[in-house]
Amino acid sequence: MEKAFNVHLINYAPILKSAGIRFKEDEKTLMVGKASADVGYVILISSRTLDAPKLLQTILPILKKSRAAYRIIKSQQDQYRLNAGAFGDEEAGKVVSIFPNDIAEAKSLLIQLKLVTEKYKGPSILKSQRVSEVIYIQRILNKGHNDFKLIAPDIKNFPFEFPKQYKKRKSTLNLIGKAYLPIQLLRTSTKGNIYKAINLKRLKFDWCLIKQGNPVALDDHFDRDMKDRLQWQKEVHEFLRGKVYTPDVIDHFSSGDYHYLVFNYAEGDSLGNVISDALVGKKWIDLDRPLQQKLLGYFIQAVELVKSIHEAGIVHRDVTDSNLIVLDDGKLCIIDFELSYSFIKCEPNPPFLLGTFGYVAPEQIQHAVPDPAEDIYSLGALLCFVMTGCKTSEFIGNNHQQLKVKLFRLTGEKGLCELVMKCLSYSRSERPDIEMIIATVQNQLLKTLTLNHEKASMAV
């Protein structure tokens, strides 16, 4: 399969070996020494993925001379996932975690590390106190059995100095871009916040949604970050206006190092929440037929939306339950074109990285040239979610035979289970097209309606 680009992603173990440092290796990290929570604080160093090898070579002599244990993300591949929030938003940015033995050692390390890291950049780390350009500190609590919990430090008793510019202000929602008044913080992540706000331009007082891009967030090997992703998303929304049912972009601007994209507000709830509420404490086979029909109807709407996107020459590349909104009138709209790709213009070149684990096609992770078949894979994962309510990143494993058995046991839907498995095929050519997906699900709905009619006739 043709690659969209080829980059050499570096493993960090050889860097430690060349420095004569012994370490233990696990699935995601390299550990030097034994971590301790005795001092009560952990020093965290953030970094852009492209800069990390040089940063490590810069700080390792300092760490090697100290007695502190430390942990490093394993590779650039893992760091991309880390900074994208794949291991949890609260883990994003934690490229190096240092466990000093006492406060004196922590202060000494901070003085040395600040001097050699001042020119580097990195994504912000949540629930921490920033003390320099890329250095953050968290409280560390020992829960027992080598189980640590990291929390935001109490600044009143904080033993470390930091510039006033990093002092956290009280959480107040002030005007953004001079025209938008945030009313509610809907979500916070390493990428940036999402707000529900009032549009004050020309005294409209309409609801809008503000998507914020944090500095350096989601950096890649091509010197792009959230600023570039938001710019691309704006262009795609403008191109799709009138072609795809998605909120319109009404503004795009930057303020300092932060970047913003403003949309019309879509009143409704995510398909994920709607499905979860319908299936809470129940299996698909326990639902009454009308509710099954309703949920499958939502899925067909989602497929139709993806069809309209493909007809416009775009691959969405992030079709998930959270990126589909069930509006108050029962219609679905689709959001978040941040990872999308124009297969007509072959842009962006290269395509943006990653996707939502549990929904993302395997070839997308491997940097293949984007193709509509990636969205077909995601639709298979979505249908799996619609019928189970289970988190796809945990439910969909590598053993497809086990998945098929498990899915049928929960749903009793042979035809739909087979459709899911075809969509999730590792081979693009073996995945069904949009029309086949629609026809299969509509056929299942027709069978359901026939069964309901027969039951009603027997009751009479």
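Values in this text are rule-based calculations from the coordinates and carry no lab data. Treat the numbers as computed from the prediction; the structure is a model and nothing was measured. In this analysis, Cβ positions are derived from the backbone assuming ideal geometry, glycine residues included, and neighbour counts consider all displayed protein chains.
Side notes on the structure shown:
- Magnitude of the charge dipole for segment 12-160, about its Cα centre and with charges confined to Cβ atoms of Lys, Arg (+1) and Asp, Glu (-1), is about 300 debye.
- Ratio Rg/Rh, restricted to segment 12-160 and using Cα atoms, in which Rh is the Kirkwood radius: 0.92
- For a label point 7 Å along the Cα-to-beta-carbon line of residue 343, residues of segment 384-428 with backbone N under 19 Å: 422-428
- Size descriptor, Kirkwood hydrodynamic radius, that averages inverse alpha-carbon separations across segment 180-264, Å: 13.5 Å
- Counted residue by residue at 0.36 nm each, then reduced by the alpha carbon distance between them, the extension gain from residue 439 to residue 293 reaches 51.1 nm.
- Label-reachable residues, segment 352-376, where backbone N falls under 17 Å from a point 7 Å from residue 270's Cα toward its Cβ: 355-360
- Theoretical FRET efficiency, 1/(1+(r/R0)^6), r = Cβ-Cβ of residue 428 and residue 112, R0 41 Å, to 0.05: 0.20
- Full extension of the chain segment joining residue 165 with residue 146 gains 3.3 nm, where the gain is 0.36 nm per residue of separation less the Cα-Cα distance.
- Net charge of the neighbourhood of residue 1, taken over other residues with C-beta under 14 Å away and scored Lys/Arg +1, Asp/Glu -1, is -2.
- Stokes-Einstein translational diffusion, the chain - Kirkwood Rh over all Cα pairs, 1.567 mPa s, 4 °C, in µm²/s: 53 µm²/s
- Between residue 446 and residue 257, the modelled labels are 5.9 nm apart [label points 7 Å from Cα along Cα→Cβ].
- Cross-link pairs exceeding 25 Å between alpha carbons, from the set 119/167; 28/121; 34/168; 156/178: 34/168; 156/178.
- Positive-end ranking of 13, 351, 153 along the dipole of the chain, with charges on Cβ about the Cα centre, is headed by 153.
- Contact order normalised by residue count of the chain, Cα under 8 Å, 6+ apart, percent: 11 percent
- Kirkwood-based shape ratio for segment 268-458, expressed as Rg/Rh from alpha carbons: 0.97
- Cα-centre dipole for the chain with unit charges at Cβ (Lys and Arg positive, Asp and Glu negative), debye to 20: 1640 debye
- In this calculation the C-beta distance from residue 23 to residue 173 is compared with R0 = 51 Å, giving a FRET efficiency of 0.70.
- Stokes-Einstein D in µm²/s, Kirkwood radius over Cα pairs - segment 299-352 at 25 °C with 0.890 mPa s viscosity: 209 µm²/s
- FRET efficiency for the residue 77 to residue 201 pair, using the beta carbon distance and R₀ = 60 Å, is estimated at 0.90.
- Think of each Lys and Arg Cβ as +1 and each Asp and Glu Cβ as -1; about the Cα centre, that makes the dipole of segment 264-413 roughly 620 debye.
- Descending by average beta-carbon neighbour count within 10 Å, the peptides 1-8, 35-42, 209-216 line up as 209-216, 35-42, 1-8, the highest first.
- Taking 0.36 nm per residue of separation and subtracting the Cα-Cα distance, full extension of the segment from residue 183 to residue 154 would add 7.7 nm.
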